[in-house]
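The values are calculated or read from the model by the stated rules, or taken from the named source; none is laboratory data. None of the values given here were measured: they were computed from a predicted structure. Note that we place each Cβ from the backbone using ideal geometry, even for glycine, and neighbour counts take in every protein chain shown. When the accessible area is computed, the model is the full protein with side chains, heavy atoms only, and any ligands, DNA or RNA have been set aside. Shrake-Rupley method; radii C 1.70, N 1.55, O 1.52, S 1.80 Å.
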Amino acid sequence: TAYEAAEETAYRHAELFYLQKQIQSQTPMVIVLADGGKVEGCIEWYDRRALKVRGREKTLIYKSGIKYMYKLGETAQ
């Protein structure tokens, strides 16, 4: 429906704003994966389906495999 499409667009804009802010400030992040693994580092790049994270290594993470993420030093929700 049109309402669902508008809601999806709003969510996408919020996601893009958040990611862009973290990239610009080089915020250290913790990305918790669906399988329970964690990746720590700064987000360097993103597109519709993936994030590139620079930590000990550069890692490409598919968004579908992300459970949640938070700023390093904050408590996981």
Study note, to complete from the structure: Site ASP35, offset 7 angstrom along Cα→Cβ, radius 19 Å on amide nitrogen, limited to region 42-71, gives 50-69
Check your understanding: When only C-alpha pairs under 8 Å and at least 6 residues apart count, what is the relative contact order of the chain, in percent?
Key -> 25 percent
Check your understanding: Using DSSP loop states and a limit of at most 11 other Cβ atoms within 10 Å to flag trypsin sites (Lys or Arg not before Pro), what is the longest stretch of the chain containing no flagged site?
Key -> 1-47
**Study point:** Net charge of neighbours whose Cβ lies under 10 Å from the Cβ of GLN26, counting Lys and Arg as +1 and Asp and Glu as -1
**Key:** 0
Review point. Length gain on complete extension for the stretch ALA5 to LYS63, per 0.36 nm per residue less the alpha carbon to alpha carbon distance?
Key: 18.9 nm
Check your understanding: In whole percent, how big is the carbon plus sulfur part of the accessible area of the chain, probe 1.4 Å, protein atoms only?
Key -> 53 percent
